[in-house]
1. So in segment 1-16, with the set limited to residues that are more than 20 Å from GLY39 (Cα to Cα) and in a loop (DSSP other than H, G, I, E, B), which one is nearest to the chain's Cα centre (by Cα)?
2. Go through segment 36-88 and report how many residues are assigned to a loop (DSSP other than H, G, I, E, B), among the hydrophobic types (A, V, I, L, M, F, W, C) and over 16 Å from TYR99 (Cβ atoms).
3. Considering LEU62, LEU73, LEU45, which residue is at pLDDT below 95 and closer than 25 Å to LYS120 by Cα?
4. Looking at segment 76-104, which of its residues are modelled with pLDDT of 95 or more, among the acidic types (Asp, Glu) and open to solvent by 20 Å² or more (accessible area, probe 1.4 Å)?
5. Could you go through segment 36-52 and let me know if any residue there is under 16 Å from ASP3 (Cβ atoms) and either surrounded by fewer than 10 Cβ atoms within 10 Å (Cβ to Cβ) or not aromatic (Phe, Trp, Tyr) (or both).
6. When you go through (1) surrounded by 11 or more Cβ atoms within 10 Å (Cβ to Cβ); (2) in a loop (DSSP other than H, G, I, E, B) one by one for ALA115, which number turns out not to apply?
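The values are calculated or read from the model by the stated rules, or taken from the named source; none is laboratory data. Source: prediction; values computed, not measured. Cβ coordinates were reconstructed from backbone atoms using ideal geometry, including for glycine residues, and neighbour counts include every protein chain displayed. The area values use the complete protein model at the heavy-atom level, side chains included, leaving out ligands, DNA and RNA. Shrake-Rupley method; radii C 1.70, N 1.55, O 1.52, S 1.80 Å.
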Amino acid sequence: KVDHVHGKGRITGPGQVEVTAPDGSKQTLSAKNIVIATGSEPSTLPGIEIDEERVVSNTGALSLKAIPKKLVLIGAGVIGLEMGCVWSRLGSEVTVIEYLDRILPGTDNEIAKEAQRTFKKQGLTFKLGTKVTSVEKLKTKLKLTM
């Protein structure tokens, strides 16, 4: 069983979390296991406007009405790669463009290399060391400037 508790949490000891609700009230919860789900915020880049229709964040990608024929991920972080894998399995041609020379920044380099091999086997293609400077919305497609 999982209970969802909304508020600001602070781990006060083993198996103990103090939660301050939006109204300011506090409660202390006890559990054998604690899952902290902080959510995510998409990174914004100059020249790229997220409209959640054609240029989408991970949240918008979950709300697409149809499976896109082609999909470009700007950035090779964990959440984007997860979304890319899902869309690839559903039939989209997925290209990942990453400014750095590797995927999964902040992770162990060997793990990132092995993950990239696995993602390639799943059909994702990669353009590493590539900076996207703008996205232009055309009538039926998007034009990326790199």
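1. Start the filter on segment 1-16 by keeping residues that are more than 20 Å from GLY39 (Cα to Cα), which leaves 1, 12-16.
Adding the requirement that they be in a loop (DSSP other than H, G, I, E, B) leaves 1, 14-15.
Working: LYS1: 26, PRO14: 30, GLY15: 29 Å.
Selected residue: LYS1.
2. Going through segment 36-88, the residues assigned to a loop (DSSP other than H, G, I, E, B) turn out to be 36-44, 46-47, 49-57, 62-69, 75-77.
Then drop every residue that is not among the hydrophobic types (A, V, I, L, M, F, W, C), which leaves 36-37, 50, 55-56, 62, 64, 66-67, 76.
From what's left, over 16 Å from TYR99 (Cβ atoms): 36-37, 50, 55-56, 62, 64, 66-67.
Result for segment 36-88: 9.
3. On the way: LEU73 fails: at pLDDT below 95; LEU45 fails: closer than 25 Å to LYS120 by Cα.
Being at pLDDT below 95 and closer than 25 Å to LYS120 by Cα holds for just one of LEU62, LEU73, LEU45, which is LEU62.
4. If the condition is that a residue be modelled with pLDDT of 95 or more, among the acidic types (Asp, Glu) and open to solvent by 20 Å² or more (accessible area, probe 1.4 Å), then GLU93, ASP101 are the ones that fit.
5. Of the residues in segment 36-52, the ones under 16 Å from ASP3 (Cβ atoms) are 36-37.
Checking the rest, the ones that are also either surrounded by fewer than 10 Cβ atoms within 10 Å (Cβ to Cβ) or not aromatic (Phe, Trp, Tyr) (or both) come to 36-37.
Looking for residues that are under 16 Å from ASP3 (Cβ atoms) and either surrounded by fewer than 10 Cβ atoms within 10 Å (Cβ to Cβ) or not aromatic (Phe, Trp, Tyr) (or both), one finds at least one in segment 36-52, hence yes.
6. For ALA115, the exception is condition (2).
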